[in-house]
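Some notes on the structure that comes next.
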Amino acid sequence: ADAALNRAKQQGGSSIVFFSGEMNKETWQRIEIERSLRKALENNELYIAYQPIIDIKTGNLSTCEALLRWDHPEYGLIPPIQFIPIAEEIGLIHSFGNWVLKNACKQTKEWHQRGIENLSISVNVSAFQFQNKFFIEEVKEALKYSGLEAKYLHLELTESAMLNHTMEAINTMHILNEIGVNISIDDFGTGYSSLSYLKQLPIHRLKIDRSFINNIKTDSREYAIVNAIMTMGHGLGLNVVAEGVETKEQLTLLKKLKCDYIQGYFVEKPMPPKKFEEWYYSTDLKSKLYY
Ligand code: C2E
Ligand code: MG
Ligand code: MG
Ligand code: MG
């Protein structure tokens with residue numbers, strides 16, 4: 001990037017001159033990332049990693065979360081926290097999001113056909129994507145294209161995505177419900193959290209943010225928060241998932257708190273499809289979770 005920057009400077013920067021004077025390294029990197037992000041999809045640099053979500057009561061695989069990965073030819077894997085916000089800013093999130101939706105549904109349908117029965121897929125939806133007027137059509141399209149039954153699809157929305165709280169957002173959720181799609185609140189506890197909205201929304205799952213699970217063992221306040229979310233969630237008839245479970249001790253506490261599902265490195269990291277399949281057929285989950 002530095003070489004290119006020098007070249008641009010020598011050329012007098014006809015097309016970039018408006019950045020004026022010293023274009024710093026970050027600015028250049030940002031432009032470079034944007035440029036390559038626009039080509040990432042067509043260049044096949046995107047793929048989906050799948051992370052298992054386990055039913056604590058049975059020890060069975062219930063769902064997997066689809067997590068987008070960008071394997072940049074030069075920089076290697078770039079984490080989603082770095083490129084998703086850029087994709088949102090420059091409007092690429094719609095094509096990325098739609099691509100994830102279609103492909104995650106298709107992959108899940110294939111897994112059903114190959115014997116991984118009743119597996120659900122959980123797909124992250126950006127607020128921008130959710131607010132797009134074509135979103136419902138895209139969900140229907142993905143189901144049709146993949147042949148996946150709607151009941152196996154979960155959409156993960158963050159609090160801020162829905163708590164822009166317009167009638168339109170609530171309406172979209174109701175339509176998704178009518179189609180048979182499930183809705184989860186992702187990173188629960190980190191958003192605006194006016195709790196009264198929860199009872200009005202047609203949702204199925206709360207995913208407790210990893211930050212509350214981290215110190216659940218040692219921090220009695222975090223334990224109290226998780227306990228409260230669990231009680232409230234169950235009281236509202238929702239399933240509760242704990243994100244970011246890394247240790248057996250955390251699992252033990254979550255069991256005690258009657259948590260429904262766990263997701264985290266204690267079970268497994270997100271994996272590309274082939275690896276996910278190998279993991280599924282080679283792992284004795286029950287003994288890992290219960291002994
Ligand atoms: P998220 O939806 O909350 O996803 C969970 C994140 O926690 C993932 O990070 C996952 O790898 C990580 N994680 C899971 N278990 C553990 C654990 O035990 N310990 C730790 N330290 N981390 C754990 P990842 O894959 O880097 O994704 C980050 C965020 O990027 C996601 O957070 C989500 O907000 C966003 N994202 C990823 N894929 C997509 C996508 O397809 N569309 C949209 N709109 N956002 C996405
Ligand atoms: Mg998520
Ligand atoms: Mg999350
Ligand atoms: Mg998160």
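The values are calculated or read from the model by the stated rules, or taken from the named source; none is laboratory data. Just so we're clear, the structure is a prediction, and the values are computed from it rather than from any experiment. In this analysis, Cβ positions are derived from the backbone assuming ideal geometry, glycine residues included, and neighbour counts consider all displayed protein chains. Heads up: the accessible areas ignore ligands, DNA and RNA and are worked out on the full protein's heavy atoms, side chains in. Shrake-Rupley method; radii C 1.70, N 1.55, O 1.52, S 1.80 Å.
Worth pointing out:
- Residues of region 97-116 classified as within 14 Å of Phe276 (Cα to Cα) and either away from ligand 3 (no atom under 16 Å from the Cβ) or of a type in the set (Lys, Arg) (or both), total: 8
- One residue stands out among those in region 156-192 that are of a type in the set (S, T, N, Q) and away from ligand 1 (no atom under 16 Å from the Cβ): the one that is modelled with the highest pLDDT, which is Asn177.
- Boolean, Ile225 is assigned to a strand (DSSP E or B), farther than 30 Å from Ser287 by Cβ and either open to solvent by 20 Å² or more (accessible area, probe 1.4 Å) or within 16 Å of ligand 4 (Cβ to nearest atom) (or both): no
- Taking the criterion of being within 14 Å of ligand 4 (Cβ to nearest atom) and in a loop (DSSP other than H, G, I, E, B), the residues of region 170-217 that qualify are Gly189, Thr190, Gly191, Asp209, Asn214.
- Residue check for Ser160: hydroxyl-bearing (Ser, Thr, Tyr), within 14 Å of ligand 3 (Cβ to nearest atom), more than 30 Å from Gln113 (Cβ to Cβ) and touching a helix residue (DSSP H, G or I) at 6+ places or on another chain (Cβ under 7 Å): yes
- Which numbered condition Lys25 misses (of (1) more than 24 Å from Ala142 (Cα to Cα); (2) modelled with pLDDT of 95 or more): (2)
- Selection status of Asn239, away from ligand 1 (no atom under 16 Å from the Cβ), within 14 Å of Tyr261 (Cα to Cα), among the polar types (S, T, N, Q) and under 21 Å from the mean Cα position of the chain (by Cα): yes
- All positions within region 230-241 that are part of a helix (DSSP H, G or I) and surrounded by fewer than 22 Cβ atoms within 10 Å (Cβ to Cβ): Met230, Thr231, Met232, His234, Gly235
- Residue list for region 252-270, restricted to those being free of Cβ contacts under 8 Å to residues at least 24 places away in the same chain and not β-branched (Val, Ile, Thr): Lys256, Tyr265, Phe266
- Test set (1) more than 16 Å from Val181 (Cα to Cα); (2) of a type in the set (Gly, Ala, Ser); (3) touching a strand residue (DSSP E or B) at 6+ places or on another chain (Cβ under 9 Å) - Ser122 fails condition number: (1)
- Considering only residues in region 243-269 that are out of contact with any Lys or Arg (no Cβ under 8 Å at 6 or more places or on another chain) and within 12 Å of ligand 1 (Cβ to nearest atom), the one that is farthest from Pro52 (Cα to Cα) turns out to be Leu251.
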